[in-house]
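Single-structure report; data block below.
Every number in this text was worked out from the coordinates using simple rules, so none of it is lab data. These numbers come from a predicted model, not from an experiment.
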Amino acid sequence: MIDVHELTKRYGDKTAVDRLSFTVQPGQVTGFLGPNGAGKSTTMRMIIGLDAPTSGTVTVGGRRYAEHAAPLQEIGTLLEARSVHPGRTAFAHLMALARTHGIPRSRVDEVIELAGLGSVAHKRAGAFSLGMGQRLGIAAALLGDPEIVMLDEPVNGLDPEGVLWVRQLLSGLAAEGRTVMLSSHLMSETALIADHLVIIGRGRLLANTTVDAFIENAGGRGVKVATAEGERLRLLLSGPDVTITSTTAEELVVSGLDSRQIGAIAVEHGVPLYELTPQTVSLEEAFMELTSDAVEYHSAPADTARRRAA
């Protein structure tokens, strides 16, 4: 378990993390999300003692990270995949880490195979592609067979097979009862992997909830209904709390009634339906709505950028 309590980090007059509190529970994958500049990297660095908090506390498995005699066996982390001496081979890098914790060579061989590095284990890391560097970083995080795993952008640079491998790996670790914390900008991938979400903006907590509850609370876009009797159905569904818009003569988008209610009304009045589909928001849309006021860097619209370039 990772327990963050009233964590604050200031750099001069800038507050990077502001009284942040949350808990990463075992047995699930927790997505740690936020816009650029939200304080995610600073928070993760404080979790493993690379940065000292201005105030507040953070514990890993019930202790501060620095109090663990063998931290690699408590929490495995990937914060920067390229933090490897370019002249060392993948095998040599992992063996150097293993020796600091009394980890046997057999475990090094295991994580090399687990990460798909067998064919490049004795090649220098400086020649690795971004994806292979990510695999080496994940292998290092898993080296101590830790109960807690914290990864920052683990699928960055991976091909589809690698992305699927990371997805299955993290889900498997959580299923074993381990604590998994994942930071990513890929909302579609986070939606597939994560069970729980911790979302921050400008260093403050914005949401701490399950993925399903977060999307549900963000609301939907109504229910899409297709029928040859669009105008008749519109009249049947109309009410003071119901909004109906049309995309075509045979398609309606209904807000204020759910699919079950719409279907029951249609059956009662003999209106045939060809489609009845809830139009839910995606994790990305819900995230963008929540963090719209917490984005530190705003891009110019594409047409504005083109005009400036001209």
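DSSP beta bridges in the stretch 109-255, what fraction antiparallel, as a percent rounded to 5? Around 75 percent antiparallel, to the nearest 5.
Relative intensity of the stretch 207-250 on a log10 scale, I(q)/I(0) at q = 0.29, 0.31 Å⁻¹, equals -1.07, -1.16, per a Debye sum over C-alpha point scatterers of equal strength in the absence of solvent. Axis of helix 105-114 versus longest Cα principal axis of the chain: the two differ by about 30°, to the nearest ten degrees. Over all distinct Cα-Cα pairs of the stretch 106-235, the Kirkwood formula returns a hydrodynamic radius of 17.6 Å. Can you compute log10 of I(q)/I(0) for the chain with the Debye formula, treating each Cα as one identical point scatterer, at q = 0.07, 0.16 Å⁻¹? With no solvent term, the Cα-only Debye profile gives -0.39, -1.24. Annotation: amide H-H contacts under 5 Å for V180 (H modelled 1.01 Å from N, sequence separation of 5 or more, or interchain): G27, Q28, T30, V149. Would you compute the Debye intensity of the stretch 220-280 from its alpha-carbon atoms alone, equal scatterers and no solvent, and pass along log10 I(q)/I(0) at q = 0.24, 0.30 Å⁻¹ to two decimals? For the requested q values the scattering log ratios are -0.95, -1.59. Between T280 and R221, the built amide H atoms are under 5 Å apart, and every one of these is 5 or more places off in sequence or on another chain.
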